[in-house]
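Colleague: Once you've had a glance at the structure underneath, I'll fire off some questions.
The values are calculated or read from the model by the stated rules, or taken from the named source; none is laboratory data. What you are looking at is a predicted structure, and each value in this text was computed from that prediction instead of being measured. Cβ atoms come from the backbone with ideal geometry, glycine included; neighbour counts cover every protein chain shown. Heavy atoms of the whole protein, side chains included, go into the accessibility calculation; ligands, DNA and RNA do not. Shrake-Rupley method; radii C 1.70, N 1.55, O 1.52, S 1.80 Å.
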Amino acid sequence: MRYTYKTQGTCSTEIQFDINDNVISNISFTKGCNGNLKALSSLADGLTVEEIIKKCKGIDCVSRGIGKGTSCADQLALAVEKAYNQ
């Protein structure tokens, strides 16, 4: 099933992904740091919801020494967790 998640507190504005039998695939981000988000999408593709949460939840994006309290990786973890629990 395809999901769309509106991000909060990041340069990217939206994440789209598929969940099939607890496995995440076809991850894409709208806006944000193109190269980093392509890498994140590629590395997370094929992982389970639990693996993404374990690896990505709580990662903070720091800009000019100030943390945002979230990151694109953290938002991906929140997105897959929310979609899985629906």
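Colleague: Could you tell me whether region 59-68 includes any residue that is in contact with a Cys (Cβ under 9 Å, 6 or more places away or on another chain), at pLDDT 95 or above and surrounded by 13 or more Cβ atoms within 10 Å (Cβ to Cβ)?
Modeller: Yes, region 59-68 contains a residue that is in contact with a Cys (Cβ under 9 Å, 6 or more places away or on another chain), at pLDDT 95 or above and surrounded by 13 or more Cβ atoms within 10 Å (Cβ to Cβ).
Colleague: I need the full set of residues from region 11-29 which are under 22 Å from residue 60 (Cβ atoms) and hydroxyl-bearing (Ser, Thr, Tyr), in order please.
Modeller: 12, 13
Colleague: Here's another thing I want to ask about it. On the given criteria, is residue 63 touching a strand residue (DSSP E or B) at 6+ places or on another chain (Cβ under 8 Å) and of a type in the set (Ser, Thr, Tyr)?
Modeller: Judged against the criteria, residue 63 is not a match.
Colleague: I've got another one for you. Looking at region 1-14, I want the residues that are part of a loop (DSSP other than H, G, I, E, B) and have a partner that is among the aliphatic types (A, V, I, L, M) with Cβ atoms under 7 Å, at least 6 apart or on another chain. Which pairs are those?
Modeller: Once the first residue is part of a loop (DSSP other than H, G, I, E, B) and sits in region 1-14, its partners that are among the aliphatic types (A, V, I, L, M) give 1/19; 7/15; 12/37.
Colleague: State all residues of region 35-58 that are under 11 Å from the mean Cα position of the chain (by Cα) and of a type in the set (Val, Ile, Thr); if no residue qualifies, say none.
Modeller: 49, 52, 53
Colleague: Mind telling me which of the residues 12, 41 ends up being at pLDDT 95 or above, in contact with a helix residue (DSSP H, G or I) (Cβ under 8 Å, 6 or more places away or on another chain) and not β-branched (Val, Ile, Thr)?
Modeller: The match here is 12.
Colleague: Going by the conditions given, is residue 32 farther than 16 Å from residue 78 by Cα and touching a helix residue (DSSP H, G or I) at 6+ places or on another chain (Cβ under 8 Å)?
Modeller: Judged against the criteria, residue 32 is a match.
Colleague: Of these, 55, 82, 6, which one is open to solvent by 70 Å² or more (accessible area, probe 1.4 Å) and touching a Ser or Thr at 6+ places or on another chain (Cβ under 9 Å)?
Modeller: 6
Every residue, every condition in (1) open to solvent by less than 30 Å² (accessible area, probe 1.4 Å); (2) at positive phi; (3) of a type in the set (Asp, Glu), yes or no:
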{"site": "19", "(1), (2), (3)": "yes, no, no"}
{"site": "29", "(1), (2), (3)": "no, no, no"}
{"site": "32", "(1), (2), (3)": "no, yes, no"}
{"site": "43", "(1), (2), (3)": "no, no, no"}
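Colleague: Filter region 49-69 down to residues that are out of contact with any Asp or Glu (no Cβ under 7 Å at 6 or more places or on another chain), closer than 18 Å to residue 13 by Cβ and either assigned to a loop (DSSP other than H, G, I, E, B) or touching a residue at least 60 places away in the same chain (Cβ under 8 Å) (or both), then give me how many there are.
Modeller: Count: 1.
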